[in-house]
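The values are calculated or read from the model by the stated rules, or taken from the named source; none is laboratory data. Just so it is clear, the structure is predicted and the values come from calculations on it, not from any experiment. Note that each Cβ is placed from the backbone with ideal geometry, even for glycine, and that neighbours are counted across all protein chains shown.
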Amino acid sequence: MMDDSSRRSPHSGEKFTTPDGVRAVFGGIKPNAESRKPDVGRKPPWLRVRLPAGAQYEAVHDIVKSHKLHTVCAESRCPNIAECWGRGTATMMLMGEVCTRACKFCAVSTGNPHGWLDPLEPAHVADAVALMRLKYIVLTSVDRDDLADGGAAHYAACIRAIHARAPQTAVEALTPDFAGRHENVATVLDAGLVTYAQNLETVERLTRRVRDPRAGYAQTLDVLAFAKHHAPQTLTKTSLMLGLGETDAEIERTLDDIRAAGVDIVTMGQYLRPTEHHLPVERFVSPDEFRRYRDQALAKGFFEAVAGPLVRSSYRAERVLERNNAGL
């Protein structure tokens, strides 16, 4: 699943039935002793954000509201929404709201969609992108292990539809790991992307505690390495959440592993607990620490590293494209 700890449901743990009859559980996890642990304390001042504002933000907001469009930016209450919409970028979620996995940091509903897909979604997404006059769109999704290809063909259909309807818009795909199947990764890449992303989420030691058992540290690195090999002109990207109990040495080792996989871009942000049923925050990482981690990443040869308490997977995504086009 798209790896953004800011996604929340107010009904975590509550069973419900989706419009297509799918039984699911909000939040995807059952409370356990670890999830009942308290956080480290009140959020520090640097995690407080101002209400979004600005002419471009208001224009996009009005289009989204009046046309009942769905963006991850608005529905997850992303703290960076004003900055991103103001720069003409947004994130949309494909293939429904029920994930087949149950990562312990994410509040997206878990269940089995039984192969359901909206055949009109590619056209609707393309129309929305054109209507919002976006320069850069990030497509992400739930995990869909119920589909033979994990939803790769659907991703590709959405990407091609955007190219046809809004050819001026650059597309990034933040995808599931497709169970590590290279042919499905290739299907998405071959549709035409500027950036391909799959999130590692955390350091190797914490992976099984944080992510669904079907997700793996080595599997994600392999997917990213294949993506760079298959489409070397496409930027590759991954993200880490910090504050889950990792050490500085583990962060540095993880950055080395990511770079060894040929990844161009890494983002690092603060893990924030979606509900009391999810993993607690072990520490709040200071802005100075994030700056130090960014400097370490750049010193290791990453094309770009974005790090900060409020950074999320798609934060400032279009800026990397601008730098790449400028040959920097």
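A few comments on the model shown:
- Failed item in (1) surrounded by fewer than 21 Cβ atoms within 10 Å (Cβ to Cβ); (2) modelled with pLDDT of 60 or more; (3) not in a helix (DSSP H, G or I), with residue 59 passing the rest: (3)
To keep it simple, each residue is scored yes or no on (1) of a type in the set (Phe, Trp, Tyr); (2) surrounded by 17 or more Cβ atoms within 10 Å (Cβ to Cβ); (3) in contact with a Cys (Cβ under 7 Å, 6 or more places away or on another chain).
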site	(1), (2), (3)
220	no, yes, no
241	no, yes, no
263	no, yes, no
271	yes, yes, no
288	no, no, no
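- Residue within region 195-208 that is over 21 Å from residue 305 (Cβ atoms), surrounded by fewer than 22 Cβ atoms within 10 Å (Cβ to Cβ) and of a type in the set (D, E, K, R) present: yes
- Tally of residues being farther than 16 Å from residue 258 by Cβ, part of a loop (DSSP other than H, G, I, E, B) and among the aliphatic types (A, V, I, L, M) across region 178-204: 3
- Any chance residue 160 is basic (Lys, Arg), at pLDDT 90 or above and more than 19 Å from residue 216 (Cβ to Cβ): yes
- Scanning region 153-185 for residues that are under 19 Å from the mean Cα position of the chain (by Cα), among the hydrophobic types (A, V, I, L, M, F, W, C) and surrounded by 17 or more Cβ atoms within 10 Å (Cβ to Cβ) yields 156, 158, 159, 170, 171, 173, 174, 178, 185.
- None of 185, 171, 210 is modelled with pLDDT under 95 and in contact with a Phe, Trp or Tyr (Cβ under 9 Å, 6 or more places away or on another chain) except 210.
- Top-ranked residue of region 243-261 - restricted to ones that are surrounded by fewer than 15 Cβ atoms within 10 Å (Cβ to Cβ) and not charged (D, E, K, R), ranked as farthest from residue 39 (Cα to Cα): 260
- Screening residue 138 with (1) at pLDDT 95 or above; (2) in a strand (DSSP E or B); (3) not acidic (Asp, Glu) gives one miss only, at (1).
- Considering region 222-270, the residues that are charged (D, E, K, R) and in a loop (DSSP other than H, G, I, E, B) include one that is farthest from residue 308 (Cα to Cα), namely 264.
- Restricting region 89-135 to residues that are of a type in the set (Asp, Glu) and part of a loop (DSSP other than H, G, I, E, B), the residue that is nearest to residue 276 (Cα to Cα): 97
- Taking the numbered list (1) touching a helix residue (DSSP H, G or I) at 6+ places or on another chain (Cβ under 8 Å); (2) part of a helix (DSSP H, G or I); (3) touching a residue at least 12 places away in the same chain (Cβ under 8 Å) in turn, residue 207 passes all entries but (3).
- Considering each residue of region 142-151 in turn, none proves to be assigned to a helix (DSSP H, G or I), over 14 Å from residue 92 (Cα atoms) and charged (D, E, K, R).
- Hits in region 123-152 (condition: buried (at least 22 other Cβ atoms within 10 Å of the Cβ) and of a type outside the set (A, V, I, L, M, F, W, C)): 136, 140, 141, 143, 144, 150, 151
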